[in-house]
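Student: Once you've had a glance at the structure underneath, I'll fire off some questions.
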Amino acid sequence: MFGRGTGEPLPPPLAPPAAHDPYAAARHDMIEHQLRARGVVMHNVLEAMCEIPRHLFITHEFADRAYADEALPSSAGQTISQPFMVAIMTQELALRPGQRVLEIGTGTGYQTAILAHLVGAAGAVFTIERVAALAAFARHRLDAMEFRNIRCCVGDGSIGWPAQDGRTPEFDRILITAGTPAVPPPLLAQLADGGILVAPVGDSESQMLIRIIRHGATFREAELLACRFVPLLGLHAWNPAEYQHPHHGQ
């Protein structure tokens, strides 16, 4: 088990989704065998993963593997992370309704949908994707699901969300969904006091998923588990010129 889940009893099993859903059995199996059995214990996270249809965020040729325990290719050489990694990162954020979340790396929008579901109508998810075509794919999927609490931006996620009226925006939670050599300083500056940031940090081949909690000017860091993500490209991350063909990650 990880982070805030440690020592907590396992929640009761979720009821199987409706039988008319052709992916119902696969999604229920994902919840029980990939997530719950491996330490995902927060009931709201399990419910969100059961509610959000991962197959809608995957290109058609991989739809039959939508709920498999693996990362899958998306456009522009990126990936949609394996369900377990999405669930663990989400659990470590300890999201509550009404919070403001910054996501760096929209990808296909699946993780974005999970975050938006958990913060609810009173909260908001601000998500940045540097690849315009991928951002458009995600926006189309998220609009089709009628999310109204998501704001999307195409740009360099390593510099954070653009300032408004000269003021640095603040977020209760920040999630980086690509591997970075270090947490970009602008993102630490945008993390609210008491806020949580989760990110994969390391070299271009492998990273350690870390959780940072801010207490005033102090940032307390904890290591969670080894992982491998596509590189975060930008001014405060990896140089885009060095990554013409990004690695697939998970």
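Every number in this text was worked out from the coordinates using simple rules, so none of it is lab data. Since we're looking at a predicted model, the values are computed, not measured. A quick note on method: Cβ atoms are made from the backbone with ideal geometry, for glycine too, and the neighbour counts reach across all protein chains shown.
Student: Which one, His28, Pro162, Leu235, is farthest towards the positive end of the dipole of the chain when Lys and Arg carry +1 and Asp and Glu -1 on their Cβ?
Tutor: Pro162
Student: Take peptides 193-200, 112-119 and line them up by average Cβ neighbours within 10 Å, highest first, as a rough protection proxy.
Tutor: By packing density, highest mean first, the sequence is 112-119, 193-200.
Student: Let me ask something else. With the dipole of the chain worked out from charges on the C-beta (+1 for Lys and Arg, -1 for Asp and Glu) around the Cα centre, which of Asn149, Gly105, Leu209 lies farthest toward the positive end?
Tutor: About the Cα centre, the residue reaching furthest to the positive side is Asn149.
Student: What percent does the relative contact order of the chain come to when contacts are Cα pairs within less than 8 Å and at least six residues apart? It would help to have the intermediate numbers written out before the result.
Tutor: Values: 518 pairs, mean separation 38.4, N = 250.
Computed over the chain, the figure is 15 percent.
Student: Which value, to two decimals, describes the C-alpha radius of gyration of the chain once divided by 2.2 N^0.38 Å?
Tutor: The chain yields a ratio of 0.94.
Student: For the chain, with only Lys/Arg (+1) and Asp/Glu (-1) charged at the beta-carbon, what is the dipole magnitude about the Cα centre, in debye rounded to 20?
Tutor: Computed about the Cα centre, the dipole is about 400 debye.
Student: Then there is this: How large is the helix-only mean residue ellipticity at 222 nm for the chain, computed as the sum of -39500 (n - 2.57) over DSSP H runs with n ≥ 4, divided by its residue count, in deg cm²/dmol to the nearest 500?
Tutor: Taken over the chain, the calculation gives -6000 deg cm²/dmol.
Student: Where does each of 131-139, 80-88 land if you order them by average Cβ count within 10 Å, highest first? Can you show the working numbers first?
Tutor: Numbers: 131-139: 18.2, 80-88: 23.6.
The peptides rank, most packed first, as 80-88, 131-139.
Student: State the extension gain, in nm to one decimal, for the chain segment bounded by Asp29 and His60, taking 0.36 nm per residue of separation less the distance between their alpha-carbons. Intermediate values should be presented prior to the final figure.
Tutor: On the way: separation 31, 0.36 × 31 = 11.16 nm, distance 2.09 nm.
So the chain would gain 9.1 nm between Asp29 and His60.
Student: At a threshold of 8 angstrom on Cα-Cα distance, excluding pairs fewer than six apart, so keeping six or more, what relative contact order does the stretch 60-205 reach in percent?
Tutor: Once divided by the residue count of the stretch 60-205, the mean separation gives 21 percent.
Student: Specify which residue in the list His60, Ala132, Thr218 is farthest towards the positive end of the charge dipole of the chain, using unit charges on the beta carbon of Lys, Arg (+1) and Asp, Glu (-1), about the Cα centre.
Tutor: Ranked along the dipole, the leading option is Thr218.
Student: Here's another thing I want to ask about it. If exposed GluC sites (Glu not before Pro) are those in a DSSP loop with at most 12 other Cβ within 10 Å, what is the longest stretch of the chain that has none?
Tutor: Working: sites that count: Glu146, Glu205.
That gives 1-145 as the longest site-free run.
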